[in-house]
Every structure is written in C-alpha cells, then in structure tokens.
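These notes concern the structure reproduced below.
The values are calculated or read from the model by the stated rules, or taken from the named source; none is laboratory data. A quick note: this is a predicted structure, and the numbers were derived from the prediction, not measured. Methodologically, a virtual Cβ is constructed for each residue, glycine included, from the backbone with ideal geometry; neighbour enumeration extends over all protein chains shown. Surface accessibility is based on the protein's heavy atoms, side chains included, excluding ligands, DNA and RNA. Shrake-Rupley method; radii C 1.70, N 1.55, O 1.52, S 1.80 Å.
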Amino acid sequence: MAFVGKLCDMRAMFHTQALLGIYTYLSNACTKGSCEFERILSDEQTIQLDSGAFAIEQSYHLKDLSKAFYETHRNYVDLQLVVQGEEIFSIAAASDCAIKDPYNAQKDLITYHPPKHSSTLHLSAGMLAVFFPYDVHSGGLGAESLGIKPVYKSVVKVPVDLLAPRF
C-alpha cells in the first residue's frame, strides 16, 4: 500500500507532533536555497531527525532495470523524496515476491528476487514515495528511458510505529 504524490499534497499524512518535524525537514529539502537542499546537492550523509527517524541524503546515477535491487524493511517505513532529477521505482507486494536474502536485523533489510509482476512509479522533484514493510521496492531506475542522469534525494527512515497503518 505505497503512497505516492507531491509532498505538498501529502501534508495531512504528517498529522502528529512527532511527524510534523519530519514534514518540516522534507519541505525544507525541496526548497531551493535552504541548507537542507544545498547539503543534499553537495554531500552524502545521514541526518538524525525527531522521534527516532533519520534521513539518508544521497545522490546517484540511474541504472537499468536489469540492475534493480528489490528490498523491504521491518522496523522502518521508507519516505523517499526526490529533491532534484527524476527516477523510476519498481514496486510489488512482498507476498508476491520470492526472498533472496532473509531478514538481516543489523541492516533492517530483506532482499528479493526480481518479481514476476510489478508496477512502476515515475518520481520527479518534489515527489514523495512512502514504502511500508510489505512494499517491495527498487529505486534509482530509468537509465534506459531517462538517460544517465543524477538524482538527488533524501530517504527518511521513520520507525514503523509512527507511521504504519494498522489493519
């Protein structure tokens, strides 16, 4: 049940005090000239945020779908914000995927073989994708269609208790 959209249209998702600081960080990251925006364009680093969340600020060049790395996480919800550039994600339900490497608690990571059926998302600057523990995802794709261009982004890891819906 991944959520995808413009960050500004997803403001209501950040309805608690704990999430408001995360929204402020993400909003600043999209604002040209802000220290967050400039830092993301110039350096890769990890930033501690409120309530146990942290942001991995990074840039990389897009890769072909054949090099996709499919993953999920148990303890964190991934909020992937494109700050500059664009990229394609391949997504699938974990229940439809075969596990490649079982859960690694130290990395909070499960990896998967490429799914037989998946959907694609095209994210551009200012767009946010939210991936829950059951959303297999692979980002940084698009070299064949978007060219070999860098994407600048922030991946915010939010403790699952703060954001995951309960069913």
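Miscellaneous remarks
- Test for Asp78: is it within 21 Å of Asn28 (Cβ to Cβ) and either surrounded by 21 or more Cβ atoms within 10 Å (Cβ to Cβ) or more than 14 Å from the chain's Cα centre (by Cα) (or both): yes
- Residue ID - most open to solvent (accessible area, probe 1.4 Å), chosen from residues in segment 1-35 that are free of Cβ contacts under 8 Å to residues at least 60 places away in the same chain and in contact with a Phe, Trp or Tyr (Cβ under 8 Å, 6 or more places away or on another chain): Arg11
- Taken over segment 56-75, the criterion of being open to solvent by less than 10 Å² (accessible area, probe 1.4 Å) and among the polar types (S, T, N, Q) is satisfied by Thr72 alone.
- Filtered by the rule that a residue be open to solvent by 10 Å² or more (accessible area, probe 1.4 Å), in contact with a Lys or Arg (Cβ under 9 Å, 6 or more places away or on another chain) and within 20 Å of Ile47 (Cβ to Cβ), segment 128-160 gives Gly139, Val160.
- If the condition is being touching a residue at least 40 places away in the same chain (Cβ under 8 Å) and either open to solvent by 40 Å² or more (accessible area, probe 1.4 Å) or on the phi > 0 side of the Ramachandran plot (or both), then segment 36-45 contributes only Leu41.
- Of all the residues in segment 46-55, those that are within 20 Å of Val151 (Cα to Cα) and open to solvent by 60 Å² or more (accessible area, probe 1.4 Å) number 1.
- Some residue of segment 95-105 being within 22 Å of Val151 (Cβ to Cβ), surrounded by 13 or more Cβ atoms within 10 Å (Cβ to Cβ) and out of contact with any Phe, Trp or Tyr (no Cβ under 6 Å at 6 or more places or on another chain): no
- Selected residue (criterion: farthest from the chain's Cα centre (by Cα)) from residues of segment 133-164 that are within 15 Å of Lys67 (Cβ to Cβ) and assigned to a loop (DSSP other than H, G, I, E, B): Ile148
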